[in-house]
Each structure stands twice: as C-alpha cells, then as structure tokens.
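Only the coordinates and a few stated rules stand behind these numbers; no lab work does. Please read these numbers as outputs of a predicted model, since none were measured by experiment. Reconstructed Cβ throughout: ideal geometry from the backbone, glycine too, with neighbour counts over all protein chains shown.
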Amino acid sequence: MITAIIGSGTMGSGIAQVAATAGCQVKLYDTKTEALDKAESALEKILRRLIEKGRIDEKEKQRIQSNISYVESLKDLSDAHLTIEAIVENLEVKQKVFRELESYQSKEAIIASNTSSLSIASIASALEQPERCIGVHFFNPAPLMPLVEIVPAVQTSEEVFEKVFSTIKDWKKVPVKAQDTPGFIVNRVARPFYGEALRVYEERFAGVPEGEAGFATIDWAMKEFGGFKMGPFQLMDFIGNDVNYTVTETVFEAFYYDPRYKPSFTQKRFAEAGYLGRKSGKGFYDYIEGTKKVAPLKDQKMGQKIFDRVLVMLINEAADALFLNIATAKDIDLAMTKGVNYPKGLLEWANEKGISWCVEQMDQLYDTYREDRYRCSPILRKMMREGSRF
Ligand SMILES: NC(=O)c1ccc[n+]([C@@H]2O[C@H](COP(=O)([O-])OP(=O)(O)OC[C@H]3O[C@@H](n4cnc5c(N)ncnc54)[C@H](O)[C@@H]3O)[C@@H](O)[C@H]2O)c1
C-alpha cells in the first residue's frame, strides 16, 4: 500500500516511521525542504539507537529507510491509497491542502487528518467527496504510543472507516473509534488531570502548600496513591504550559464554555510569563542544572484526599463520555491506558472504587461548591440505582 504523509514535523515523521516499519511504501511531503532533511536525519538517529539497543538489525534499518521517500510536491502523492495529513493546526490551511490533493488523487483514495482539535466534519466539507475523509489521531511520540483514535465524520463512509481501522491494526497499533466531538476521547477525558489539579492548588485544598512545594505535593499524591508515572504538574511542564493551556482553552470554547473544562489562571499566567516547562528551563518546576528540588509535603491523609478528588473527576468525565456515546466503555479505558499511559482504565477504576463511592464523592463536591463543574454524570447515578457496573 502506498501511504502519503503530509507534514514531516513531530507527528508526520513519527507516523511515517510507523507505516514504513509496517511495510508500506511511504511518501513523506513537506513544504519546507529543511523539515524533510530533519525528518530523514532524525529517523537515521532513532534507528541507530534501536540497533544499539539490539531491537533491530542493520537489515531492518535499511528496510524501513528504503520504504520512505521524501517528496517536495503535493502532486507526487497522486498514487497514494491513504494520505495522512499532519500539518499546522489551522482549518483553512488544511482545507486548501485537502482540496488540492483531491484533484490529483483517484476517487478511491482515502484522505485522513491527524488534527487534535478541529472537527473532521469541517475538514471533510472542503472535499468534493467528503465520504473519503476521516480523522486518524496518533499520540506523541507516534512510534511509541500504541493508541490511534479513528474518528469518522458525519460524512465518512462505513467502508472508509473499516479500511482505516484495519490498516491501523495492521500497523500494530491499537485503534479505537471516537465520535467527532471536541478532544475526541483522550483530550476530553484527561482534562481534569490538569484542571482539577490546578484547582486543588489554587484553593490550597486540604492544606496544600504554596508554590513549588504545592505542585510537588499534588504530583506526589497522584503518583503515590494512583500509580501515575508522572504527576499533573510534571506532565504540564513536559507538554509545555503554552500548549497545554491552548488545548484546554480550545476544548472549553468548543464545549460552549461548560465550566467542567474551564482553564486555569495559574497556568495562563505561567504561560504568559514564559514559564513553559522543560523547554524553557522553568515551569512549575525549575530545570536549570544545580537547582535544588523542593520536597513535597508527604501527609498521607492530605495525599489521599487530593488523589480521590482528581480521580473521581476523571472517572466522572470518562463516565459522561460513555453516557454521550463518544466511545464504548472498552475503548474509553483503552484510550487512557494506551494513549496517555494511565495505570488503569478509569471505568475499571470506578468499578473498583464502587459506583456509589463515585456518586457520593461527586455529590460532596457539588454540595461544597454549588458549581456545575461538579455535576455527577447521570450514568453514574443510574448505575448506582440499578446496582450495575461498567
Ligand atoms: N505534537 C503533538 O503532540 C500532536 C499530537 C497529536 C496530533 N497533533 C496534530 O498533528 C498536526 C501536526 O502537529 P506537529 O506537532 O507534528 O506539528 P509540527 O509543527 O511539528 O509539524 C508540522 C509540519 O507541517 C509542515 N507544513 C505546514 N504547512 C504545510 C503545508 N501546507 N503543506 C505541507 N507541509 C506543511 C511544516 O513545515 C512542519 O514541518 C497538528 O494538526 C496537530 O494538532 C499533534
């Protein structure tokens, strides 16, 4: 199968590696020659490292590399069966590229977008044949993260969905079907991991200390009681406060300002100050060499309270995604474990904690704050009444 990738940046180059490893003939295209050169030398380095680790041999490296050609014209993608676009996150630019691409390709060719925040319906609407368009959302780094959210638009044909779903499986990835709604599964369900942690900090909930000790305390709680590999503040620093804030703001607007997704002033100010995280040397933590790490306040009772609050908000979000048929329960749990490395699926976690525990926790939060942000998902309440489980 000939696969075309448009955009050879972070995501495009990773997706090209995945497809080439799976045996596809890949054509990687970018408007910037430097971006293509960079992708080619980055792949060389990655594959060298895999050889050093004993994961592949020289022959395999050559096989993968020879499967990729680097092209400088969109016209060169005319014979692709599947094209995945991973360019700048701008609707007009994507639509323009899709329109031009469609004019070069056969009617059977599938055109997919790796967009994180735009609706697939709006991208597809640029095409003469919108039924050939679909969302194929990889996670960063694409070669390492197993999850791919497959997002059919209202226009997408069933045949296109089936073909893409099985192709992604052939690429040894874990595809899940998600509805074309803001954030799809992962970027919607994961919001409270950041948002509620920030709120806990802003309130100094349960005695959380101020400044870096506060961030460290919340991170410690999530790792200690939940088994998360990284705490929310470490993760925001890793993603970049500018990027993470923008995603939150986009999701908030896309949900017509539902208070559940309200962004945080703390994070906004950090982003405005240029405290972006690891990439700028300072975020919630200091990354300048020689800076002493501030220790968390390891109070067991406080830690448990923090963890329970963030966890129940995550569970509530996952339950509500199921309630609104964004995806199946199985796919929601797979998405969080395979896309963002959660130690456990959130719905499985709800079963373990008990559905009535979840409802009680949400009702307590709602009673305390009287904010719509803390409304319990109707599905949890219904399940508690019925005594059922996810
Ligand atoms: N970075 C992530 O973590 C991540 C994760 C999932 C999805 N995404 C989505 O993937 C897409 C790409 O993100 P990225 O982080 O790889 O961006 P990036 O900036 O690393 O790469 C984008 C590349 O596209 C090229 N480009 C821009 N306009 C072009 C055009 N008209 N034709 C051809 N090439 C063009 C640029 O030169 C650049 O090399 C976005 O839609 C983003 O929302 C990103």
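Given the criterion in contact with a helix residue (DSSP H, G or I) (Cβ under 8 Å, 6 or more places away or on another chain), surrounded by 23 or more Cβ atoms within 10 Å (Cβ to Cβ) and of a type in the set (A, V, I, L, M, F, W, C), identify the matching residue among VAL136, VAL174, VAL154, VAL164. The unique qualifying residue is VAL136.
Is it the case that the stretch 158-171 has a residue that's in a strand (DSSP E or B) and away from the ligand (no atom under 13 Å from the Cβ)? No. Of the residues screened, ILE6 is not one that is more than 26 Å from the chain's Cα centre (by Cα) and aliphatic (A, V, I, L, M). If you go through the stretch 24-60 and keep only what is more than 20 Å from GLN105 (Cα to Cα), surrounded by 13 or more Cβ atoms within 10 Å (Cβ to Cβ), more than 10 Å from the ligand (Cβ to nearest atom) and within 26 Å of the chain's Cα centre (by Cα), you end up with GLU40, ALA42, LEU43, ILE46, LEU47, LEU50. Taking the criterion of being assigned to a loop (DSSP other than H, G, I, E, B), within 10 Å of the ligand (Cβ to nearest atom) and in contact with a Leu (Cβ under 8 Å, 6 or more places away or on another chain), would at least one residue in the stretch 120-142 satisfy it? Yes, some residue in the stretch 120-142 is assigned to a loop (DSSP other than H, G, I, E, B), within 10 Å of the ligand (Cβ to nearest atom) and in contact with a Leu (Cβ under 8 Å, 6 or more places away or on another chain).
Which residues, taken from the stretch 364-390, are surrounded by 15 or more Cβ atoms within 10 Å (Cβ to Cβ) and closer than 23 Å to VAL200 by Cβ? Outline the logic, then answer.
Restricting attention to the stretch 364-390, the residues satisfying the condition of being surrounded by 15 or more Cβ atoms within 10 Å (Cβ to Cβ) are 365-366, 373-377, 379-381, 383-384, 390.
The answer is LEU365, TYR366, ARG373, TYR374, ARG375, CYS376, SER377, LEU380.
Within the stretch 66-111, the set of residues being farther than 19 Å from GLY14 by Cβ, in contact (Cβ under 8 Å) with a residue 40 or more places away in the chain, within 15 Å of the ligand (Cβ to nearest atom) and surrounded by fewer than 22 Cβ atoms within 10 Å (Cβ to Cβ) comprises GLU72, SER73, LEU74, ASP76.
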